[in-house]
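Have a look at the structure below before the remarks.
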Amino acid sequence: MTKDLIEENAGTGPTLHPSASIPTGDPQSASATGNYVTLPADFPAITVTAPANDTAPGLLFAATFIPTAFGKGERTSYLLILEDTGQPVYYQRLPNDLALDFKVLSDGTLSYFDSTRNLWVIMDDSYREMATVRPGNGLNAADPHELQLLENGHYLIMADQLVTIDMSKRVPGGLTQTPVLQQIVQEVDVAGMVYFNWPILKYVPLTDTNQSLTEPTISPGQGSIKVPVVGYSHCNAIEVDTDGNLLLCCRGLDSIIKINRANGAIMWRLGGKANNFRFALGPGVPITEPVHFYYQHDIRRLPNGNITLFDNHSNPGPQHSRALEYELDEQNLTATLVRALHHSPDTYSRALGNVQTLPNGNRMVGWGLNAEHTLTEYHPDGRTAFEMHFGNRLISYRALRFPWHGHPAWPPAMVLQPANNVLNLIVSWNGATDVVGYRIFGGASSPDTLLGTEARTGFETRVALQGAQASYRYYQVVPVDLQGQPMQASDWAENPVAASCP
């Protein structure tokens, strides 16, 4: 027990003895949670491959799944909030589901995309669903790539719409009835009222794509659109620019599009066939690859006016993915590459991925569709501050870091395991962030005797009760917060040995 907890309970009961027989789940082991009993059996095997070194404040957010690109389309997904040690803070298992883009919004709520219901879920700090967000104007297929909360309380999202086009008049070998996936940028409220509606086919020619227009090959796999389609734009991120207009990241066009929010007009395009900018390499940027990006994700505007994006760089080669920062001169239309972050050794992510600029200047890079790496945090000078891998072919669309305080509505979980004249008590509280210890109670007819207080040691705290402490019929734990105040008590747990006695 920690010194302050020992002093708090002086004279209140016997000291509790840490169990030597129960592994503690070393956060730097092959799996930080491999021995835990209050986690599901298929919980991700999280490995910290580079221990934290001056990381930015906050916890790690991810949503895991196994993509069909790895040969097996398992749809079980986990929403995860993690410590830098790999210890979970919160998990939500979503069987037969695909969750994407789990994050903290600017008002302190949580959001993620739920593919089973084909909508965005908004949760409060006790992880209760408080609202859902979906497209308006009669569109019923939400696009899973992006949700942004606006200052007016509305949300920026995208909708998917199936449009049949006679491609024989546009490209050689085109089909007369080609199903095309049109993405529509919308500003909506939780009631589905639409305040901005931008269908990309109205503004961007089909022939600007880097995708084939002669054969439907992409199946979005969500919402009401399940047939193969031509996904010509594949937009995957929306950013509100500093002037109030919108930046739209379109992987299928190799392009960032700036949209006039007042009239929908395209103000400029960065990259792709209709590029308006001259690309240049800034001084001292150590790269040998092109300064252009290809098949990119996650456009973000920085406070200094620069932009960042995750360059998958799927084509042309070399296929080395990287996080890029450009200085944009929108008057003279120049884009100067001023920073590039590579994995060491180089790695390739065919799809997905993100780069997040953190308050201390670090950068969080999520490697997306990558079997070897999940996320890396970098110092401003490019040194690795932290790295984590989920393993078992698990990936996360984005990997992010946010400050977070969770207050779950459910009680702590407790398991009692008798072994060799010792009663092992194992407790965890999924989603709680402010617990420093647990007061442990036992009793013959009710758990009314304080046995002591044990410091929290990770997601699970394990204690070996011996002698008289192990002989009670009922047990209960009460978490203690940072101010030493009691929190929500667990349910009673019955001692299996005592329960079997006549």
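Given Cβ point charges of +1 (Lys, Arg) and -1 (Asp, Glu) and nothing else, what value in debye, to the nearest 20, does the dipole of the chain about its Cα centre take?
Details: 32 positive and 48 negative charges, 235 e Å.
Dipole of the chain, to the nearest 20 debye: 1140 debye.
Using a Förster distance of 25 angstrom, determine the FRET efficiency expected from the C-beta separation of ALA444 and LEU482, and round it to 0.05. Show your work: numbers first, answer last.
Working: r = 33 Å, r/R0 = 1.32.
Calculated value: 0.15.
Quick check: from the Cα gyration tensor, does region 200-294 come out rounded (a/c under 1.5), prolate or oblate?
Oblate is the answer for region 200-294, as a/c is 1.5 or above yet b/c matches or exceeds a/b.
Report ³J(HN,Hα) in whole Hz for each residue of region 78-87, in order, from the Karplus equation J = 6.51 cos²θ - 1.76 cosθ + 1.60 where θ = phi - 60°; Gly and Pro get x.
10, 7, 10, 10, 10, 7, 5, 6, x, 5
In region 162-222, what trypsin sites (Lys or Arg not before Pro) fall in a loop by DSSP, with at most 12 other Cβ atoms inside 10 Å?
When the trypsin sites (Lys or Arg not before Pro) of region 162-222 are filtered for loop state and at most 12 Cβ neighbours within 10 Å, nothing remains.
In whole Hz, what ³J(HN,Hα) sequence does region 164-171 give by Karplus (6.51, -1.76, 1.60; θ = phi - 60°), x for Gly and Pro?
Result, rounded to whole Hz: 9, 10, 7, 7, 5, 8, 10, 9.
Over region 208-346, what is the mean sequence separation of C-alpha contacts under 8 Å (at least six apart), divided by residue count, expressed as relative contact order in percent?
Here the relative contact order equals 16 percent.
Given Cβ point charges of +1 (Lys, Arg) and -1 (Asp, Glu) and nothing else, what value in debye, to the nearest 20, does the dipole of region 311-353 about its Cα centre take?
Approximately 260 debye in magnitude.
Run the paramagnetic zone check for TRP410: 7 angstrom along Cα to Cβ, then residues of region 103-125 with backbone nitrogen under 14 Å.
No residues fall inside that zone.
Between TYR397 and residues 5 or more places away or on another chain, which pairs have amide H atoms under 5 Å apart, with H built 1.01 Å from N, and which residues are they?
ALA63, ASP101
What number, rounded to the nearest 500 deg cm²/dmol, is the helix-based mean residue ellipticity at 222 nm of the chain, given -39500 (n - 2.57) per DSSP H run of at least four residues and division by all its residues?
Theoretical 222 nm ellipticity from helices: -500 deg cm²/dmol.
Take peptides 314-320, 366-372 and line them up by average Cβ neighbours within 10 Å, highest first, as a rough protection proxy.
The peptides rank, most packed first, as 366-372, 314-320.
Using a Cα distance threshold of under 24 Å, what count of lysine pairs results for the chain when pairs must be 8 or more residues apart or interchain?
7
Read-outs: derived from the displayed coordinates by stated rules, not from any lab. The model shown is predicted, which means the values in this text are computed figures rather than measured ones. Because the Cβ atoms are built from the backbone with ideal geometry, glycine has one as well, and the counts that use them run over all protein chains shown.
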